[in-house]
Amino acid sequence: MEGRRADAMERLENIKYHPAGSAALRAAFPATVPVLTGYLCLGMAYGLLMAANGYGPLWSTLMSAIGFGGSMQYVAITLLVTVFDPLQAFLLAVMVNARHMFYGLAMLDKYKGLGKLRPFLIYVLSDETFSLVSTLEPPVGVARRDFYFWISLLDYVYWVAATALGGLLGSLLIFDTTGMDFALTALFVVLFLEQWKKRENRPAGVIGLACAAVSLAVLGPDRLVIPAMALVLAALLGGRKRLCT
């Protein structure tokens, strides 16, 4: 009996620490299927919009593979086709992606001790990957680093592949893309409504709406994004103690 138990424990340890094994991939893939469906739509829309503005599939693929900015990539399309203002582009990128500062702080414990994989996991951390990694634990027999690696890699590949597909279709087919850039706005509206269902999240939602309304009223629709994001960041940081109680 003791011998069989020792053999079973040894096999379990071998599976658990097998680097990036198939068990980790099988465990991670089902969790990423919702991300796949979402990225397929949003990524293809991004590739199509890039093609419609004169940037072929190579450019959209490189932008996704290197920049991997999600919502900022949509914003960057406007920056690419208008007179370039480096300061505005920098501030806009910082404000749009400021949420990643909070993501990073929240992931310190999760990514602690992951060795050489840690820089890659930090690089490909997105909203959807954060949602999965922050809430899921690897099943028994799957190493934590391998489980997080496959979730992150799969989500990254989904986005890059979807934008490449959209860029390819956009270069082959010609059709009206008016309104397609609203896909990302629609996604954030849905996310907002989902968060609004939880009573504890509503104060933060009200703060966001109020800051956007003030910026719109004072600066107009063409200049509201950066000030609104700055106001939201300042309000959330200033009221974090009350919001977290």
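Checked against a 28 Å cut-off, the cross-linked pairs 110/198; 112/198; 112/197 give Cα-Cα distances beyond that limit for 112/198; 112/197. Ranked by the mean number of other Cβ atoms within 10 Å per residue, highest first, peptides 105-116, 69-80, 132-143 order as 69-80, 132-143, 105-116.
Surface analysis of the range 49-189 yields an accessible area of 54 Å² per residue, using protein heavy atoms and a 1.4 Å probe. The range 75-183: D in µm²/s via Stokes-Einstein (Kirkwood Rh, Cα pairs, 37 °C, 0.692 mPa s)? Estimated via Stokes-Einstein, D reaches 197 µm²/s.
Semi-axes of the range 19-86's equivalent ellipsoid from the Cα gyration tensor, sqrt of 5 times each eigenvalue, largest first, rounded to whole Å?
31, 13, 10
Taking the Cα centre of the range 85-214 as origin and assigning +1 to Lys and Arg Cβ atoms and -1 to Asp and Glu Cβ atoms, the resulting dipole is close to 560 debye.
The values are calculated or read from the model by the stated rules, or taken from the named source; none is laboratory data. The structure presented is a predicted model; accordingly, all values stated were derived computationally and were not measured. Please note: Cβ atoms are built from the backbone with ideal geometry, for glycine as well, and neighbour counts cover all protein chains shown. Just the protein is used for accessible areas: all its heavy atoms, side chains included, with ligands, DNA and RNA removed. Shrake-Rupley method; radii C 1.70, N 1.55, O 1.52, S 1.80 Å.
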